[in-house]
1. Is there a residue being touching a strand residue (DSSP E or B) at 6+ places or on another chain (Cβ under 9 Å) and surrounded by fewer than 16 Cβ atoms within 10 Å (Cβ to Cβ) anywhere in the range 167-182?
2. Looking at the range 147-160 only, could you name the residues that are closer than 14 Å to Val252 by Cβ and outside any helix (DSSP H, G or I)?
3. Among the residues of the range 215-234, is any open to solvent by 10 Å² or more (accessible area, probe 1.4 Å), in contact with a His (Cβ under 6 Å, 6 or more places away or on another chain), over 30 Å from Val315 (Cβ atoms) and not charged (D, E, K, R)?
4. For the range 25-44: of the residues being farther than 16 Å from Gly59 by Cβ and touching a strand residue (DSSP E or B) at 6+ places or on another chain (Cβ under 7 Å), which is surrounded by the fewest Cβ atoms within 10 Å (Cβ to Cβ)?
5. Which one is farthest from Asp102 (Cα to Cα) among residues in the range 115-131 that are assigned to a loop (DSSP other than H, G, I, E, B) and within 15 Å of the chain's Cα centre (by Cα)?
6. Taking the range 255-280, which residues are part of a loop (DSSP other than H, G, I, E, B) and open to solvent by less than 50 Å² (accessible area, probe 1.4 Å)?
7. Of the conditions (1) touching a residue at least 12 places away in the same chain (Cβ under 8 Å); (2) within 27 Å of Pro116 (Cβ to Cβ); (3) loosely packed, with under 14 Cβ neighbours inside 10 Å, Glu310 fails just one. Which one is it?
8. For Pro135, all conditions in the list (1) over 16 Å from the mean Cα position of the chain (by Cα); (2) touching a residue at least 24 places away in the same chain (Cβ under 8 Å); (3) farther than 21 Å from Ala249 by Cα hold save one; what is the number of the exception?
Amino acid sequence: MSVMIPTKGEGLQAQQGEAVAGYHQSWFPVALASDVPAGRPLGRDFLGTRVVIYRDATGRPVVQGAYCPHLGADLSVGEVVEGQIRCAYHHWKFDCAGTCVDIPAGDRIPPGARIPTYPTAEAWGLIWAFNGTAPTIPVPGIPGVEERELICETHFRGTRALDPWVSISNGVDFQHLRTLHGLAAVEPDAVRVGPHSLEYRIESPHFVQHGRITGVNTFAQYLSMAGEEAFMLFCGAPIAHGQSMGFYAYGVRDDGTGRAGVAGRLETLRGFVQRLLAEDAPVLDTIRFRPGTLVASDRHLARFFKYVREFPRAVPPEA
């Protein structure tokens with residue numbers, strides 16, 4: 001496989017043509033699904049602007065620009081009325097497509113009385129928003145399994161001063177699995193690069209690792225070790241350039257006994273995932289990320305940097 005390794009000084013600036021190019025066209029996690037109950041809006045800083053997240057009358061999540069086009073009030077401090085968002089200030093109400101449908105003062109509704117609406121999905125205990133007018137890639141998943149087959153737990157990891165793809169580069173950084181985490185990691189011969197994903201699979205008689213990066217901000221993997229299976233997903237979203245919020249999910253296969261029946265396996269997996277995150281945190285919380293002098297062992301990592309550099313971007317509305 002041919003790869004292009006960034007030279008020293010290339011990297012951060014070349015990979016992030018920030019103000020002009022906007023943000024990557026990925027599915028980004030914006031909230032835990034459990035944090036958005038019916039009837040209650042939630043505000044989040046996202047893609048250099050702010051969004052309001054709520055559920056429509058059928059319970060489906062909606063992600064829209066948070067600023068009312070009237071005077072700019074934050075709609076997340078408003079109310080959800082019959083599955084639509086209503087501004088707290090003058091009670092202008094907007095439907096799930098972003099169109100103003102009511103001005104209580106009785107004025108004619110102006111054509112410009114609209115808020116941007118993001119393509120939205122709910123999966124893996126998260127609410128996702130796509131940066132674009134229509135999704136161009138699938139909602140991220142875990143290799144080899146459907147969500148309905150697992151019993152999962154999903155958590156908010158916190159925020160850090162990095163773009164989300166920097167943390168996700170861990171998914172193809174096989175050196176760090178050995179050095180930082182002390183794992184007997186096996187490096188794949190090749191990483192398959194598609195238009196919206198990178199994927200690899202490592203197999204031996206008693207071990208399988210199937211990893212996949214979707215977009216630039218989600219790494220998911222399936223592990224099988226001595227017959228024990230584990231499923232994990234790590235993802236993040238830009239709050240602004242150079243700042244992100246992170247989430248993670250993990251699960252075990254539902255064997256028909258329900259959550260109580262898999263509690264022991266889930267607890268073991270929880271401990272493993274949280275150990276990995278805790279070991280990564282001191283590095284990722286303090287790193288001044290600049291791909292500089294890379295070596296042959298970094299060939300898959302270098303290919304990921306090239307993939308990120310070439311990944312489509314868009315300027316979000318109101319950013």
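1. The initial filter retains those residues of the range 167-182 that are touching a strand residue (DSSP E or B) at 6+ places or on another chain (Cβ under 9 Å), namely 167-172.
From what is left, the residues that are surrounded by fewer than 16 Cβ atoms within 10 Å (Cβ to Cβ) are none.
Scanning the range 167-182, I find no residue that is touching a strand residue (DSSP E or B) at 6+ places or on another chain (Cβ under 9 Å) and surrounded by fewer than 16 Cβ atoms within 10 Å (Cβ to Cβ), so the answer is no.
2. The first filter runs over the range 147-160 and keeps only residues closer than 14 Å to Val252 by Cβ, leaving 147-154.
Matches in the range 147-160: Leu150, Ile151, Cys152, Glu153, Thr154.
3. yes
4. Going through the qualifying residues, I end up with Gly43.
5. Restricting attention to the range 115-131, the residues satisfying the condition of being assigned to a loop (DSSP other than H, G, I, E, B) are 115-116, 119, 124-125, 131.
Next, only the ones that are within 15 Å of the chain's Cα centre (by Cα) stay: 119, 124-125, 131.
On the way: Pro119: 23, Trp124: 35, Gly125: 33, Asn131: 27 Å.
The selected residue is Trp124.
6. Residue satisfying the conditions is Val262 alone.
7. Failed condition: (1).
8. Status for Pro135: all satisfied but (1).
The values are calculated or read from the model by the stated rules, or taken from the named source; none is laboratory data. From a predicted model like this one, the values you see are computed outputs, not experimental measurements. Here the Cβ is made from the backbone with ideal geometry for all residues, glycine too, and neighbour counts use every protein chain on show. Calculation scope for accessible area: heavy atoms of the full protein, side chains included, ligands and nucleic acids excluded. Shrake-Rupley method; radii C 1.70, N 1.55, O 1.52, S 1.80 Å.
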